Amino acid sequence: MLQNEPKAPYVRNRDSAFTVMMDVVVALLPLYFMAFYFYGLRALMLGLASVAAAVISDLACVLLEGKRPYPRDISSVVTGMILPLMMSAATPYYVVVSASVFAIVLVKHVFGGVGQSAFNPAAAGFAFAAACWPSQVFSYPAPFSSPAPFGAITEGLASGPAWSLFQGGVPTNDILDLLLGKFLGPMGLTNILVLATCLFYLLFRGAIGWQAPAAFFGIMVVAMMLFPRIPESGPMSLVYESTAGMWIFGGIFMLNEPGTLPKRSSSRIAYGALAAIFTILFQRFGRVEQTFAFALLLTNVFGFTFDRYSERLLRRLRRVYLATRTKLSEKKSAQRA
Amino acid sequence: MAGNFTRGIILEQRKEPALRRKLRTFLNANYAGMLFDSDLPYDGAALSGEQIIELAKLARIVDERDGVFLHEKLEKARQMKIEVVVGDAIDDEPYVSSQMNPLLFMQKETGEGLRLAAKAVGNPKIYFAIYKNLSDMDLKTKLPKDIDGVEIRRIHGRYPAEFRTMDDFDSDGPTVMIGVCSLIHLYRAVYEHRIQSTCFVTVAGGCVANPMNLEVSIGMTPTHLFERCGLAEDPGYVVIGGSMTGEICEDPDNYPVGTMSRAVLALRDEEKKRRYRCIGCGRCAEVCPENLTPFYINRYIELEKYQELAFYDIHRCIGCGTCSYICPAKIDIAENIKLAVAELRRRRRQKEGD
Ligand code: SF4
Ligand code: SF4
């Protein structure tokens with residue numbers, strides 16, 4: 001919307017779309033720092049390539065649609081930053097760039113643009129890459145092995161604890177290493193302590209609401225504790241699953257992507273819960289080691305429906321409330337008379 | 001206290017320094033002559049309820065709260081056997097204090113005015129209502145507990161507060177609310193037989209050198225008022241009414257300020273004209289005091305799917321502007337809703353006309 005002359009209200013909140021998204025960017029920066037710490041320059045270069053691809057394709061789409069670009073819309077930067085963090089640090093550049101372009105062009109724009117896309121662009125981009133190039137995305141270099149910043153990497157790659165879990169085995173990693181993120185895994189989301197800090201930062205800043213993550217993490221934690229899929233005690237299963245899996249990162253940065261998240265609190269809770277249920281089901285019956293992105297894409301389909309039902313419920317409650325209120329006051333005045 | 005848990009937003013009040021300053025007058029020469037003829041005594045105690053209503057009618061007092069003639073309001077309240085009369089000095093919008101300030105600085109008139117109104121209605125309970133925001137630490141003015149012996153009730157909670165005030169008094173019985181300024185006019189109608197020819201306005205905003213509350217003759221222009229209070233800089237735009245729901249004044253040289261104006265604000269054009277798209281954050285739905293989902297309403301308005309709007313209960317919107325305030329994409333949701341409601345009404349009328 002172009003704002004030519006001010007309209008009421010004439011005082012406005014300081015937060016803008018830019019600052020809200022900037023909060024997410026700020027929360028993603030420590031993850032890039034961790035990626036840099038483990039994998040050196042290549043991690044940053046992958047991020048840069050992805051962001052550049054996302055921003056350029058976003059701009060191209062907006063121009064092709066014949067609209068004026070929105071210079072302070074940085075949602076494509078966020079998508080671009082999220083994508084490579086979920087992949088191996090050895091992922092070839094072409095995979096990252098294609099995932100990014102796919103996310104922006106085919107998912108974000110074909111399905112409606114910012115705030116309207118039916119599917120989470122980052123999750124779709126990752127799902128696309130994981131489906132097309134699984135061996136590149138899921139083979140990881142060892143931390144501190146300093147992969148070459150440019151060019152293809154084929155040597156010294158292996159699968160990580162997520163693969164062992166997927167096979168139904170217990171990872172052999174040291175627990176401390178797992179908690180600190182020093183193991184074979186996606187380049188940016190292995191350190192669960194940093195992730196937890198990001199979550200609290202975003203909640204505290206109000207960039208994300210508490211409803212969806214609370215429902216999602218609540219169900220995930222309980223399910224991991226009570227029904228481990230590996231022969232281990234509940235708490236150990238939780239440690240393995242939460243460090244090796246992608247769902248903690250996803251529950252913070254992808255589940256809460258404003259465009260696909262329902263708008264009403266009640267539907268947000270249902271949405272978070274459904275995402276958790278799908279993630280667990282996919283873990284048991286799925287064919288890939290990282291299931292969150294796929295589960296989220298399926299959950300996206302229900303976002304609007306949830307809002308619709310929640311609105312319908314709200315309408316009914318509102319009418320019941322109003323009816324009882326009128327009845328009460330009528331009764332009161334009848335008593336007085 | 002229930003108000004503290006309501007939805008809505010916490011706003012900076014920005015009522016100072018206008019609230020603290022003494023109420024001043026700015027009248028044209030006609031004021032002295034604006035009296036009406038009546039044989040009734042200049043004494044509230046000697047008058048009956050009907051006589052008070054008759055004086056209100058002769059004085060042509062309009063309630064600044066809703067634009068209703070005071071005598072009609074009192075008459076109706078009398079028939080409805082109202083049990084509570086509330087002097088409304090709520091002023092829940094930032095900058096505006098044109099009810100609170102007269103209440104504080106004309107305590108005798110407002111207190112007696114409220115008692116006269118109560119007498120006209122049939123001696124119900126009386127209160128004044130003032131809004132206590134969660135953030136009114138910035139109020140330097142100490143608010144008293146009572147005005148001329150009448151208890152002040154504080155309306156708590158977030159903006160918007162005015163629309164739910166009735167609920168706060170509901171437990172006391174059927175309630176009528178009367179604006180404080182019209183109570184002052186009622187006092188003068190009884191004790192001076194004076195026709196209402198003035199109104200109370202707050203002159204404030206970033207560009208005003210000396211923000212203050214003025215009693216002005218009806219029909220003065222914003223430009224007159226700015227001359228009286230001084231402009232520190234050229235205003236970016238002039239607003240008639242509150243900073244949340246007021247309207248832009250296109251022609252400050254000729255616009256007549258009236259009873260319902262309440263405030264004249266000269267605001268800086270500091271909001272950079274940035275363009276954003278709705279990011280779908282859902283904050284508008286979190287704050288809407290009526291618990292609507294402005295996101296979907298706005299979206300269907302933009303898509304021109306007017307048939308969907310009824311499902312989202314668009315007609316329950318009270319136009320408070322809370323959603324536009326909070327929206328990080330700076331979308332004029334409330335304005336869009338207002339236009340859409342008007343459009344819906346037009347279509348319905350057209351249909352009925354066929
Ligand atoms: S203007 Fe209407 S939709 Fe917006 S917050 Fe107020 S009541 Fe809700
Ligand atoms: S607050 Fe604004 S940006 Fe957020 S959902 Fe509502 S309209 Fe969209």
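Among the numbered criteria (1) more than 13 Å from every other protein chain (Cβ to nearest Cβ); (2) under 23 Å from B:Glu302 (Cα atoms), which one does A:Glu5 miss?
So A:Glu5 meets the others, but not (1).
In this structure, is A:Glu232 charged (D, E, K, R) and under 14 Å from the mean Cα position of the chain (by Cα)?
no
Do we have A:Tyr39 as within 30 Å of A:Pro161 (Cβ to Cβ), over 21 Å from the mean Cα position of the chain (by Cα) and buried (at least 18 other Cβ atoms within 10 Å of the Cβ) here?
Against the criterion (within 30 Å of A:Pro161 (Cβ to Cβ), over 21 Å from the mean Cα position of the chain (by Cα) and buried (at least 18 other Cβ atoms within 10 Å of the Cβ)), A:Tyr39 qualifies.
Can you tell me which residue in region A:103-161 is surrounded by the most Cβ atoms within 10 Å (Cβ to Cβ), limited to those that are β-branched (Val, Ile, Thr) and within 23 Å of A:Val77 (Cα to Cα)?
A:Ile104
If I go through region B:309-346 residue by residue, how many of them are within 19 Å of the chain's Cα centre (by Cα), within 15 Å of ligand 2 (Cβ to nearest atom) and of a type in the set (A, V, I, L, M)?
Residues meeting the conditions: 1.
Hey, could you check region B:322-338 for residues that are within 7 Å of chain A (Cβ to nearest Cβ) and open to solvent by less than 10 Å² (accessible area, probe 1.4 Å) and say which is farthest from A:Gly206 (Cα to Cα)?
So the residue we want is B:Ile331.
State whether one or more residues within region B:68-84 are part of a strand (DSSP E or B) and open to solvent by less than 20 Å² (accessible area, probe 1.4 Å).
Yes: one or more hits.
Would you confirm whether any residue within region B:271-283 is within 9 Å of chain A (Cβ to nearest Cβ), within 15 Å of ligand 2 (Cβ to nearest atom) and not in a loop (DSSP other than H, G, I, E, B)?
Within region B:271-283 (the criterion being within 9 Å of chain A (Cβ to nearest Cβ), within 15 Å of ligand 2 (Cβ to nearest atom) and not in a loop (DSSP other than H, G, I, E, B)), the answer is yes, since at least one residue qualifies.
Matching residues to (1) free of Cβ contacts under 8 Å to residues at least 40 places away in the same chain; (2) not assigned by TED's automatic domain parsing to the domain that holds B:Glu215:
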site: B:Asp253; (1), (2): yes, no
site: B:Tyr276; (1), (2): no, yes
site: B:Ile297; (1), (2): no, yes
site: B:Ile301; (1), (2): yes, yes
site: B:Lys305; (1), (2): yes, yes
site: B:Ile337; (1), (2): no, yes
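Which of the residues spanning region B:284-294 are open to solvent by less than 10 Å² (accessible area, probe 1.4 Å) and within 8 Å of ligand 2 (Cβ to nearest atom)?
B:Ala285, B:Pro294
Quick one: how many residues across region A:167-193 are of a type outside the set (A, V, I, L, M) and open to solvent by 60 Å² or more (accessible area, probe 1.4 Å)?
The total comes to 4.
Would a scan of region A:248-255 turn up a residue that is among the small types (Gly, Ala, Ser), on the phi < 0 side of the Ramachandran plot and under 15 Å from the mean Cα position of the chain (by Cα)?
yes
Which one is nearest to B:Leu35 (Cα to Cα) among residues in region B:187-245 that are among the acidic types (Asp, Glu) and open to solvent by 20 Å² or more (accessible area, probe 1.4 Å)?
Among them, the one singled out is B:Glu192.
Since A:Gln136 meets every condition but one in (1) over 19 Å from the mean Cα position of the chain (by Cα); (2) part of a helix (DSSP H, G or I); (3) within 18 Å of A:Leu31 (Cβ to Cβ), which condition does it not meet?
Unmet condition: (3).
What do you reckon, is B:Glu270 under 23 Å from the mean Cα position of the chain (by Cα) and closer than 19 Å to B:Arg14 by Cα?
The answer is no for B:Glu270.
Can you name every residue in region B:295-309 that is surrounded by 18 or more Cβ atoms within 10 Å (Cβ to Cβ) and touching a Leu at 6+ places or on another chain (Cβ under 8 Å)?
Matches in region B:295-309: B:Ile297, B:Tyr300, B:Ile301, B:Leu309.
Quick grid of which residues meet (1) buried (at least 22 other Cβ atoms within 10 Å of the Cβ); (2) within 16 Å of ligand 2 (Cβ to nearest atom); (3) not aliphatic (A, V, I, L, M):
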position	(1), (2), (3)
B:Leu143	no, no, no
B:Asp146	no, no, yes
B:His156	no, no, yes
B:Glu162	no, no, yes
B:Thr165	no, no, yes
B:Asp170	no, no, yes
B:Pro174	no, no, yes
B:Val180	yes, no, no
B:Leu183	yes, no, no
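Answer with yes or no whether A:Asp73 is at the interface with chain B (Cβ under 8 Å from one of its Cβ atoms), within 30 Å of B:Leu265 (Cβ to Cβ) and either open to solvent by 20 Å² or more (accessible area, probe 1.4 Å) or in contact (Cβ under 8 Å) with a residue 12 or more places away in the chain (or both).
no
Taking region B:274-299, which residues are more than 13 Å from ligand 1 (Cβ to nearest atom) and out of contact with any Lys or Arg (no Cβ under 9 Å at 6 or more places or on another chain)?
Hits for region B:274-299 are B:Arg277, B:Ile279.
Mind checking which residues of region B:142-169 are out of contact with any strand residue (DSSP E or B) (no Cβ under 9 Å at 6 or more places or on another chain) and assigned to a helix (DSSP H, G or I)?
If the condition is that a residue be out of contact with any strand residue (DSSP E or B) (no Cβ under 9 Å at 6 or more places or on another chain) and assigned to a helix (DSSP H, G or I), then B:Phe163, B:Asp167 are the ones that fit.
Tally the residues that are open to solvent by less than 40 Å² (accessible area, probe 1.4 Å), at the interface with chain A (Cβ under 8 Å from one of its Cβ atoms) and either more than 8 Å from ligand 1 (Cβ to nearest atom) or not in a loop (DSSP other than H, G, I, E, B) (or both), restricting the search to region B:310-321.
Total meeting the criteria: 3.
Mind checking which residues of region A:163-178 are assigned to a helix (DSSP H, G or I) and more than 18 Å from A:Tyr140 (Cα to Cα)?
Once the filter is applied, which keeps residues that are assigned to a helix (DSSP H, G or I) and more than 18 Å from A:Tyr140 (Cα to Cα), region A:163-178 yields A:Ile175, A:Leu176.
Is at least one residue of region A:202-212 crowded, with 24+ Cβ neighbours inside 10 Å and in contact with a Ser or Thr (Cβ under 8 Å, 6 or more places away or on another chain)?
No, there is no match, as no residue in region A:202-212 is crowded, with 24+ Cβ neighbours inside 10 Å and in contact with a Ser or Thr (Cβ under 8 Å, 6 or more places away or on another chain).
Please specify each residue of region A:187-216 satisfying the condition of being of a type in the set (Gly, Ala, Ser) and out of contact with any Leu (no Cβ under 7 Å at 6 or more places or on another chain).
Within region A:187-216, A:Ala196, A:Gly206, A:Ala207, A:Gly209, A:Ala214, A:Ala215 meet the criteria.
Scan region B:250-260 and tell me whether some residue there is open to solvent by 40 Å² or more (accessible area, probe 1.4 Å) and within 22 Å of B:Glu162 (Cα to Cα).
yes
The values are calculated or read from the model by the stated rules, or taken from the named source; none is laboratory data. All values derive from a computational prediction rather than experimental measurement. No Cβ is skipped: glycine too gets one built from the backbone with ideal geometry, and neighbour counts run over all protein chains shown. Areas reflect the complete protein model, heavy atoms only, side chains present, ligands, DNA and RNA absent. Shrake-Rupley method; radii C 1.70, N 1.55, O 1.52, S 1.80 Å.
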